[in-house]
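The block underneath contains the structure these notes are about, expressed in structure tokens.
Read-outs throughout are calculated quantities, based only on the coordinates presented, and are distinct from any laboratory measurement. Keep in mind that what you see is a predicted model, and the values were worked out from it rather than measured. Using ideal geometry, Cβ is built from the backbone for each residue, glycine included, and neighbour counts are taken over all protein chains shown.
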């Protein structure tokens, strides 16, 4: 069989079109992609104006009793009962808990028996001395024998005194098996349950005694000196109890710790509420009004960012409509606002929202409120 050759003229158009298509694809892949222009961000701004600021510092605290006692047994033993629970009111002399006093009663009986024996020995020594004095007067015994009898009586008297004291101690020990309240108050904690063998001095319950109330709160180190200057000044602090009507109660700083807490590194302070009625455990806010400071600028917290370990704000150039970072000095905080004490000049326009997405020299525009929102 003989094959017929294909004409060359039929191949060239197909090959040429394929080459043109490949060249077009290659040129398309090598051409640079067009970069979309960065959008002009809308920002909220605020024109800064310095003024006189009366800063207010607030601390969160808790109402506690002036005196809170941890009641414990003076002797060790097995606790067989506890008569009060958490939150119970107690009165002076009320039974709180009791130990198994069997061994203590046996010790008391042993001490009583020793006391009776010592009493008999002392009586016998006294009777012997009386007879020997009569014999000495008649000349039947010498002075040395009489002195020995006198010494025997003194030793018997000393033994009697010792036995009497020991009997008293054992009697007290038996009484210590009953734990009673020393004053009126409220049980704020229960530390041991019946059936536990406790040592002498182990706390059984904690009782907040009736009487004055304090608000206990923690103070950072940079406010210690300012608070210490207010020590014992009546009404220097204001306290607002949570869950109430928002009434501010005058309070006096009564105590301020000399050393910081090892964990929180804050100083514990106690403010006296005087005769104000405040429920134990109630949360309170302690308010400290600080002296007025001039030249302070208030900015919302959203206007401040951190860059390179420094606090900055973004300042708007009104002519070029660009922003630039401006380092500032923060003088404190007041609620949701910060007090800027340095770094800004009056009249500058500061961005107050969206600062975390801005870059230096970025084009921006002022945010315009929608028409329906502005008409409200």
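Quick rundown of the values:
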quantity: Percent RCO, i.e. relative contact order, over segment 102-174, from Cα pairs under 8 Å lying at least 6 residues apart; calculated: 54
quantity: Full-extension gain in nm, residue 210 to residue 280, via 0.36 nm per residue minus C-alpha separation; calculated: 24.2 nm
quantity: Percentage, to the nearest whole number, of Cα pairs in segment 102-174 over 13 Å apart; calculated: 65
quantity: Whole-number percent relative contact order across segment 130-219, with pairs defined as alpha carbons under 8 Å at least 6 apart; calculated: 19
quantity: Contour minus Cα-Cα distance for residue 184 and residue 336 (0.36 nm per residue); calculated: 50.3 nm
quantity: Rounded FRET efficiency, nearest 0.05, which uses the C-beta distance separating residue 257 from residue 366 and R0 of 51 Å; calculated: 0.50
quantity: Relative contact order [Cα under 8 Å, 6+ residues apart], segment 200-309, whole percent; calculated: 29
quantity: Sites residue 268 and residue 155 - FRET efficiency at Förster radius 45 Å, r taken between beta-carbons, to 0.05; calculated: 0.20
quantity: Relative compactness, segment 215-339, computed as alpha-carbon Rg over 2.2 N^0.38 Å; calculated: 1.40
quantity: Spin-label pair residue 133/residue 223, simplified geometry with 7 Å Cα→Cβ offset, distance in nm; calculated: 8.0
quantity: Pairwise FRET efficiency - residue 62 versus residue 356, Cβ, R0 = 41 Å, nearest 0.05; calculated: 0.65
quantity: Segment 164-214: translational diffusion in µm²/s, Stokes-Einstein, Kirkwood Rh over Cα pairs, 4 °C, 1.567 mPa s; calculated: 96
quantity: Residues in segment 177-191 reached by a label modelled at residue 112 [backbone nitrogen below 20 Å; 7 Å Cα→Cβ]; calculated: 177-178
quantity: Residue-span extension gain [residue 231 to residue 148] - 0.36 nm each, minus C-alpha spacing; calculated: 22.9 nm
quantity: Separation of alpha-carbon centers, segment 217-274 and segment 92-141, rounded to whole Å; calculated: 59
